[in-house]
Amino acid sequence: MGIEETEAQARGALDRRSFLKGAAALSGAAALSLGLAGCGPKTAEEAKASAADAMGTFSEEGVATPSFLVPPEPVDEADIVEEVEADVVVVGMGLAGICAARAALEEGASVVCLEKGTEYHLHSHQITAINSAIAKEQGVEFTDEELERVLNRMMADGRDRCNYNLVKHMVYHCGEDFDWYLEKCPDYTVVRAEETAGETKLDYEAILNICTDGLAARAGRHFDDVTPEREEAAKAGAPYLNLFNHPVNPAWDVTDERYPMFASVIAVEPNHSYVGKHSAAYVEEHADVRYAVWAKQLEKDDAGRVTGVLFADEDGTYRRAKAGKGVILATGNFSSNPAMVDYYCRSAAELEPTGWPEVDAKGDVTNTGDGISLAAWAGAAIDRSETMTYVCDSYGGAMGCNPFLLVDGLGARFMNEDVTGEVFGAKSLRVAGKVMWQIFDDSFPDQVANMPVGHRCYWRITEGYDDIPLGHLFDPIGTMTRAEVEKMSQFKADTLEELAEQMGVPADAFVATIERYNELYDLGRDEDFGKRHDRMAPVRTPPFYATAITPPKFRNTVGGVMSDEHVHALDENNLPIAGLYLAGSMVGNRFHGCYPNTNMGQNHAGCIVYGRLAGQNAARGV
Ligand SMILES: Cc1cc2nc3c(=O)[nH]c(=O)nc-3n(C[C@H](O)[C@H](O)[C@H](O)COP(=O)(O)OP(=O)(O)OC[C@H]3O[C@@H](n4cnc5c(N)ncnc54)[C@H](O)[C@@H]3O)c2cc1C
């Protein structure tokens with residue numbers, strides 16, 4: 001598993017109890033979709049009434065509106081016990097909300113922040129940061145032509161449905177905005193994997209250090225010798241940053257890739273809280289930050305401008321936050337709201353969720369899509385994107401997502417394997433037996449030489465480091481240890497027939513597949529699936545290895561409210577709603593159909609870049 005995922009893996013799937021607790025707090029629609037509804041109705045009328053109750057409301061034609069889109073009753077003015085006022089009101093104190101609030105404060109605006117947890121929430125690691133100072137210091141600078149290539153690819157990823165200038169702002173600002181984010185962090189270490197003339201010299205010791213001391217908070221789940229004291233010490237420490245995928249494979253040419261993945265990422269270790277806490281502290285010092293409060297409704301004036309937020313305490317007491325200049329919704333995604341997932345992301349509903357088990361002040365899971373409802377009730381358009389986009393990742397096999405041979409549950413080859421981890425994940429649900437086996441032979445250390453730069457792709461195998469119990473330890477530098485490959489391989493055999501038996505696939509079909517694959521390699525052309533020849537690794541030298549590609553997990557949604565390039569929320573006619581801004585996961589109109597691996601860490605980049613933009617625009621009245 002990659003460094004970014006080890007924590008998620010260790011935490012396992014979203015805690016079942018809190019997930020169900022969240023579900024229980026949801027509308028009847030959630031109960032219906034989870035099959036928790038009570039006894040069925042007896043008559044057609046009862047059925048309609050029952051369905052209406054569960055699903056929200058029905059139109060004359062019988063089209064359902066789910067309850068999370070049905071606006072609540074207005075709050076009685078007499079029930080509002082307090083009124084606070086600021087230029088900008090930010091809802092949600094995750095990475096996006098923190099950046100939005102900080103940017104608004106830096107513009108001289110007064111800010112109120114509303115957060116339903118008892119503290120702010122920061123987590124995970126990778127972030128797209130093209131042309132950041134750290135990258136430039138290491139001689140990695142994208143030219144204008146390369147920036148255009150990234151932008152065009154991102155637009156093509158979304159079939160050009162997304163807002164060009166919104167995506168462009170991300171590509172051209174993610175580096176400088178990362179520098180701005182880092183500015184507040186007084187102490188950090190940049191881990192360099194240096195390339196010296198004629199010889200690849202990697203700073204393995206520094207990278208190992210990340211995995212022992214620097215990562216103790218996470219490594220506690222992997223290393224037996226991590227004591228609580230050591231874990232605390234690590235938490236108090238400074239972050240480690242490294243330019244992911246550098247140095248790149250010299251044999252790799254991004255312009256010659258079916259699915260280019262740009263080497264545009266910085267990994268923040270142990271996680272974003274180590275950097276983000278400094279921005280959060282600044283916000284806590286300068287803004288009126290209210291924890292353990294729930295934003296309940298947006299308020300608008302007669303002209304349709306959003307003027308503030310009604311929010312409630314844990315005991316249900318209502319207060320009003322008036323926003324002179326704007327409200328920023330930074331409420332995160334809706335992966336923990338089964339009814340919303342079922343409605344917007346049908347195909348995600350069958351996946352196991354791996355969200356962060358974060359809870360609000362009542363102990364209910366966050367990421368319930370509150371902002372989607374708040375915005376929709378205020379007239380905003382939700383970005384439907386065919387099926388709303390979500391992150392569906394696979395960790396690949398023992399050789400990650402490298403394009404080695406794949407066979408299905410019948411032992412047959414079925415695709416050009418030269419794709420990305422996102423495709424691995426989605427594809428595995430659509431093949432015979434719903435299983436994809438990654439197959440390679442003992443020549444893999446030589447065969448990886450032509451593998452791409454990518455999400456969990458490796459182009460270098462290192463001997464040694466046998467006793468390190470972390471998977472894909474050198475992930476950031478595209479390197480695997482032989483020991484890790486051995487450990488992560490599910491099956492190993494000296495004959496193909498034996499391997500087939502272990503995998504449980506028909507041996508005849510499997511052997512025929514391998515023979516055909518080797519034949520295509522000898523032919524010099526993949527007549528069957530069109531894979532480039534230098535990535536056709538023949539399977540001839542025993543022992544042979546097989547690993548089932550890890551099933552895709554549903555991480556988080558990345559579609560939100562329709563947005564323009566100024567991160568204004570848009571109405572049903574795609575026109576801006578005055579006074580309403582979006583940040584982080586709430587920003588729609590930037591992905592369509594899939595969350596591509598073109599750049600890693602686009603979620604976090606969306607928090608910082610669009611958070612900063614929302615704060616600036618709200619404060620400036622843009
Ligand atoms: C396992 C895992 C690994 C990941 N790894 C990466 C990675 O490496 N790189 C990457 O780019 N992304 C990664 N992501 C995704 C990334 O973590 C999220 O996209 C990002 O943190 C979202 O930040 P946000 O500020 O938009 O939302 P959040 O962090 O969810 O913050 C939203 C905040 O709003 C609050 N809130 C919600 N509703 C209300 C309300 N009604 N009233 C008041 N407060 C409210 C919530 O309590 C929360 O604090 C990963 C996600 C997972 C699950």
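Read-outs throughout are calculated quantities, based only on the coordinates presented, and are distinct from any laboratory measurement. Since we're looking at a predicted model, the values are computed, not measured. Neighbour counts are summed over all protein chains in view; Cβ atoms, including those assigned to glycine, are modelled from backbone coordinates with ideal geometry.
Worth pointing out:
- FRET efficiency for Asp313 and Glu183, using Cβ-Cβ distance with R0 set to 41 Å, rounded to 0.05: 0.75
- Using θ = phi - 60° in the Karplus curve 6.51 cos²θ - 1.76 cosθ + 1.60, the 3J(HN,Hα) couplings for segment 108-120 round to x, 7, 8, 9, 10, 10, 10, 9, 7, x, 8, 7, 6 Hz; x is entered for Gly and Pro.
- With R₀ set to 60 Å, the beta-carbon distance separating Glu73 from Arg430 gives a calculated FRET efficiency near 0.85.
- For a label point 7 Å along the Cα-to-beta-carbon line of Ala548, residues of segment 489-504 with backbone N under 19 Å: 489-493, 498-504
- Inter-probe distance in nm under a simple model that places probes 7 Å from Cα toward Cβ, at Arg540 and Ala156: 3.4 nm
- Residues whose amide H falls under 5 Å from that of Asn556, counting only those 5 or more places apart or on a different chain, are Val391, with hydrogens built in the peptide plane.
- Spin-label pair Asp564/Val511, simplified geometry with 7 Å Cα→Cβ offset, distance in nm: 6.7 nm
- Under 5 Å from the amide H of Val90 lie the amide H atoms of Val112, Cys113, Leu114, Ile328, each residue being 5 or more positions distant or on a separate chain, with H modelled from the backbone and absent for Pro and chain starts.
- Near the amide H of Phe440, within less than 5 Å, lie the amide hydrogens of Tyr545, all on another chain or at least 5 residues away, with H placed in the peptide plane.
- From phi via Karplus (6.51, -1.76, 1.60), per-residue ³J(HN,Hα) for segment 355-365 in Hz, x at Gly/Pro: x, 6, x, 8, 10, 8, 5, 8, x, 8, 4
- Toward the positive end of the charge dipole of segment 85-164, with +1 on the Cβ of Lys and Arg and -1 on the Cβ of Asp and Glu, the farthest Cα among Val111, Ala135, Val90 is that of Val90.
- Sparse-neighbourhood loop sites, GluC sites (Glu not before Pro) in segment 397-463 - DSSP loop, at most 14 other Cβ within 10 angstrom: Glu463
- Sequence of Phe424, Phe554 once ranked by neighbouring C-beta atoms within 10 Å, starting from the fewest: Phe554, Phe424
- Working ranking of peptides 446-458, 391-403, 298-310 by packing, defined as the average number of other Cβ atoms within 10 Å per residue, highest first, is 391-403, 446-458, 298-310.
- If you plug the beta carbon distance of Thr255 and Leu523 into 1/(1 + (r/R0)^6) with R0 = 22 Å, you get a FRET efficiency near 0.25.
- When each of Ser347, Ser489, Ser132 is scored by the number of other beta-carbon atoms lying within 10 Å, the sequence from fewest to most is Ser347, Ser489, Ser132.
- What the phi angles of segment 558-575 give under the Karplus curve with 6.51, -1.76 and 1.60, with θ = phi - 60°, is a coupling list of 10, x, x, 8, 4, 10, 9, 6, 9, 6, 6, 5, 9, 8, 5, 9, 6, 10 Hz, glycine and proline written as x.
- Checking the Cα-Cα distances for Lys116/Lys325; Lys300/Lys325; Lys168/Lys277; Lys427/Lys553 against a 18 Å cut-off, the pairs over it are Lys116/Lys325; Lys168/Lys277.
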